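The values are calculated or read from the model by the stated rules, or taken from the named source; none is laboratory data. These numbers come from a predicted model, not from an experiment. Heads up, the Cβs are rebuilt from the backbone with ideal geometry, glycines too, and the neighbour counts pull from every protein chain shown.
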Amino acid sequence: MEKAFTIQEVVARTGLSVHALRYYERAGLLPLVDRAASGHRRYTADDLNWITFLLRLRATGMSIRQMRAYADLRRQGSATANARLALLEAHHQQVCEHMLELENHLAAIEQKMHHLRSMEGNERKEDEYRRSPSLQYRARRILMAKSYYSTIFEQTADQVWDVIRDFGTYTWTGSVSESSIEGGKSGVEVGAIRNARLGDTSVFHRQRLLAHSDLDRFYTYEFCEPFPYPIRNCVVTLRVTPVVDGNRAFVQWSATFDCEPAEYDHWTTYFANEVWAKALGSLKHLLSHPA
């Protein structure tokens, strides 16, 4: 017979309070919990595993709304496996971006430590610090280039997202004359590769979809080799967020990548002003002057 756990045992094993556990039930995050003849809750090992996974989602920043969406899909069984995967892939990408941000902050702190050690004249500690693998890794991270552009649309977030959500549809940028997804994949399928032709030229850019979320209205992609620019490890995210005031949309386009230090300013400015600003300007015109 499968072991049953009391609410006190679940609290002891998970660290959740009784109040939080009952809140998770009311929020629809937990399945219907069995009860003993006395009316007391009795949790199974599967319940414990599920609660532990929910705690991991929460600890990595997933909202209760997203957790509820995942729980609803889980209750529907194996038919929703792809939808659940897409939700987790989107969350995974957000966690990775946050980790990168924290690594950059940590690297800046370590640079300040380096400066203070130098002032104190502690050559031995500084020499050990310079040989530290963690420093080498973080020093690279702090030099990683970041480019960003954002703007407000007068249309709703759903209206903007409806035009751009399909990764294979890229002609709305104005600079792309044709685009398609290779291999017959869907334009919302993670791993899909977009082939986009620039204007009337013979230049094509190939980009791979890394994450896609209709729930949070964003997708993330990377450039495939051969790279069209002298940069490396480029990861790009396009995100649409609702603006409550006026029922408008806030659109953000950002990227992190490696490049030569002397080229940092050039490429961060180029992507923001020459690529994304113009593309979103074209999208604004398209939405304001529908055919």
Q) How do the pairs read when you match residues in the range 12-41 that are within 17 Å of Ser63 (Cα to Cα) with residues anywhere that are at pLDDT below 85 and part of a helix (DSSP H, G or I), using Cβ under 9 Å and keeping only pairs 6 or more apart or on different chains? A) Leu21/Thr14
Q | Options Asp245, Asp216; residue that is assigned to a loop (DSSP other than H, G, I, E, B), touching a helix residue (DSSP H, G or I) at 6+ places or on another chain (Cβ under 7 Å) and of a type outside the set (Ser, Thr, Tyr) | A | Asp216
Q. For the range 171-208, how many residues are of a type outside the set (Gly, Ala, Ser) and farther than 26 Å from His285 by Cα?
A. 6
Q. Among the residues of the range 13-51, how many are surrounded by fewer than 13 Cβ atoms within 10 Å (Cβ to Cβ), modelled with pLDDT under 85 and under 20 Å from Arg74 (Cβ atoms)?
A. 2
Q.
Condition first: loosely packed, with under 14 Cβ neighbours inside 10 Å and either within 19 Å of His92 (Cβ to Cβ) or at pLDDT 85 or above (or both). Now tell me which residues in the range 216-231 satisfy that.
A. Pro230
Q: Take the residues in the range 211-235 that are closer than 30 Å to Asp72 by Cβ and among the aliphatic types (A, V, I, L, M), then tell me which one is nearest to the chain's Cα centre (by Cα).
A: Ala211
Q. From the list Arg165, Arg248, Arg208, which residue is at negative phi and in contact with a Cys (Cβ under 9 Å, 6 or more places away or on another chain)?
A. Arg208
Q. For the range 174-194, what are the residues that are β-branched (Val, Ile, Thr) and in a loop (DSSP other than H, G, I, E, B)?
A. Val188, Val190
Q. If a residue has to be small (Gly, Ala, Ser) and crowded, with 16+ Cβ neighbours inside 10 Å to count, how many in the range 88-116 make the cut?
A. 2
Q: Tell me, yes or no, whether the range 98-106 has at least one residue that is part of a helix (DSSP H, G or I), touching a Leu at 6+ places or on another chain (Cβ under 9 Å), among the charged types (D, E, K, R) and not assigned by TED's automatic domain parsing to the domain that holds Ala255.
A: no
Q | Contacts under 6 angstrom Cβ, first residue in the range 185-196 being of a type outside the set (S, T, N, Q), partner surrounded by fewer than 17 Cβ atoms within 10 Å (Cβ to Cβ), 6 or more apart | A | Ala192/Lys185; Ile193/Glu182; Ile193/Arg206; Ile193/Arg208
Q: Specify which of the listed residues (Arg248, Arg208, Arg197) is within 21 Å of the chain's Cα centre (by Cα), charged (D, E, K, R) and either buried (at least 16 other Cβ atoms within 10 Å of the Cβ) or within 27 Å of Glu101 (Cβ to Cβ) (or both).
A: Arg208
Q: For Thr201, state whether it is out of contact with any strand residue (DSSP E or B) (no Cβ under 6 Å at 6 or more places or on another chain) and assigned to a loop (DSSP other than H, G, I, E, B).
A: yes
Q.
What's the total number of residues in the range 268-291 that are part of a helix (DSSP H, G or I) and over 22 Å from the mean Cα position of the chain (by Cα)?
A. 13
(Q) Would you confirm whether or not the range 272-283 contains a residue that is at pLDDT below 90 and surrounded by fewer than 18 Cβ atoms within 10 Å (Cβ to Cβ)? (A) no
